Amino acid sequence: MSNAAIDTDVLIVGAGPVGLFLANECARRGLRWRLVETRSSQSEHSKAPAIFPRTLEIFDMAGVAAPFLAAANRVTSAAIVTHGRTLANMSFKPEESPYQFVAMVPQDVTEKLLAEELRRKNGAVEYDTTFVSAVDQGDFVSVTLDRKGEPIELNVAFVVGCDGAHSAVRHLLNIPFDGAQYNDSFILADIDTNESLPSDQLQLCPNELGPVAIFPMSATRRRIVATIQDRHSNGNRSVA
């Protein structure tokens with residue numbers, strides 16, 4: 001089949017951070033691409049908050065680092081604290097990287113910034129569009145999408161699954177998801193706080209009931225993660 005019959009070079013399924021970044025890279029390189037997303041809009045949840053130095057280096061090479069640096073709360077150390085005592089304080093400043101910090105940027109902000117970069121490249125996410133199936137035709141792939149009940153048929157050179165842990169693309173290809181679920185249960189909260197804790201330090205708090213981690217999203221906002229022994233328990237219990 002000739003290239004003239006191929007509708008697009010790269011079909012990207014899933015407009016999370018990975019899909020959005022890939023779309024930006026395709027646009028930067030002049031490829032034909034489409035980015036489809038089942039959701040009606042980008043996520044409003046903070047989800048993963050940390051961007052590490054190597055990722056910032058890749059963002060720099062891709063020309064998208066600046067807005068992330070402007071939005072980030074920069075963390076340069078981690079303290080281990082229990083019952084009011086600091087047991088250890090570990091610096092995080094990798095000398096081999098120009099970015100000697102962990103950039104705390106909530107995932108919804110990451111998606112927003114990458115979507116804005118994509119619009120600057122005259123690109124857009126096709127929301128309310130679900131990947132249904134794909135058939136390998138040898139030198140192209142026949143893909144079926146669904147947009148609000150309307151089927152869309154495409155011939156594409158490549159299909160890239162960026163649609164998360166429950167990826168429809170991965171399931172179609174019977175690719176296993178290595179690893180396993182945690183046996184532990186966790187409680188997570190993003191809360192407003194005062195400025196008593198340093199904004200450039202995360203705290204790890206070991207406890208006989210399980211650890212608590214406190215991540216500074218900003219000077220006055222914290223992500224708190226703690227293990228819970230019984231998620232079905234109705235009892236109240238201190239974990240810090």
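The values are calculated or read from the model by the stated rules, or taken from the named source; none is laboratory data. All of these numbers come straight from a predicted model, not from anything done at the bench. As a convention, Cβ positions derive from the backbone with ideal geometry for all residues, glycine included, and neighbour counts pool all protein chains shown.
Overview of results
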item: Residue match in segment 10-21 (condition: touching a helix residue (DSSP H, G or I) at 6+ places or on another chain (Cβ under 9 Å) and surrounded by fewer than 16 Cβ atoms within 10 Å (Cβ to Cβ)); result: no
item: Condition broken by G30, with the remaining ones in (1) out of contact with any helix residue (DSSP H, G or I) (no Cβ under 9 Å at 6 or more places or on another chain); (2) within 29 Å of A226 (Cβ to Cβ) satisfied; result: (2)
item: Some residue of segment 52-71 being in contact with an Asp or Glu (Cβ under 8 Å, 6 or more places away or on another chain), at pLDDT 95 or above and under 29 Å from T130 (Cβ atoms); result: yes
item: Condition check for L188: modelled with pLDDT under 95, loosely packed, with under 15 Cβ neighbours inside 10 Å and farther than 30 Å from S77 by Cβ; result: no
item: Filtered residues of segment 60-75 (kept if part of a loop (DSSP other than H, G, I, E, B) and surrounded by fewer than 15 Cβ atoms within 10 Å (Cβ to Cβ)); result: G63
item: From E116, E111, E126, residue being touching a residue at least 12 places away in the same chain (Cβ under 8 Å) and out of contact with any Leu (no Cβ under 9 Å at 6 or more places or on another chain); result: E116
item: Residue match in segment 194-213 (condition: touching a Cys at 6+ places or on another chain (Cβ under 7 Å), part of a strand (DSSP E or B) and either within 24 Å of H45 (Cβ to Cβ) or at pLDDT below 90 (or both)); result: yes
item: Candidates E126, E111, E117, E37 - the one that is under 24 Å from A168 (Cα atoms), in contact with a Pro (Cβ under 8 Å, 6 or more places away or on another chain) and in the same structural domain as G161 (by TED's automatic domain parsing); result: E111
item: Lone qualifier among R170, R119 - being loosely packed, with under 12 Cβ neighbours inside 10 Å and either under 20 Å from the mean Cα position of the chain (by Cα) or assigned to a loop (DSSP other than H, G, I, E, B) (or both); result: R119
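Residue-wise test of (1) under 20 Å from the mean Cα position of the chain (by Cα); (2) free of Cβ contacts under 8 Å to residues at least 24 places away in the same chain; (3) surrounded by 12 or more Cβ atoms within 10 Å (Cβ to Cβ).
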site: V135; (1), (2), (3): no, yes, no
site: V143; (1), (2), (3): no, no, yes
site: D146; (1), (2), (3): no, yes, yes
site: N155; (1), (2), (3): no, no, yes
site: V160; (1), (2), (3): yes, no, yes
site: A165; (1), (2), (3): yes, yes, no
site: D200; (1), (2), (3): no, no, yes
site: M217; (1), (2), (3): yes, no, yes
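Quick grid of which residues meet (1) without any contact (Cβ under 8 Å) to a residue 12 or more places away in the chain; (2) assigned to a strand (DSSP E or B); (3) touching a Ser or Thr at 6+ places or on another chain (Cβ under 8 Å):
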| residue | (1), (2), (3) |
| --- | --- |
| D9 | no, yes, no |
| G19 | no, no, no |
| L22 | no, no, no |
| C26 | no, no, no |
| L35 | no, yes, no |
| R39 | no, no, no |
| S43 | no, no, no |
| I58 | yes, no, no |
| N89 | no, yes, yes |
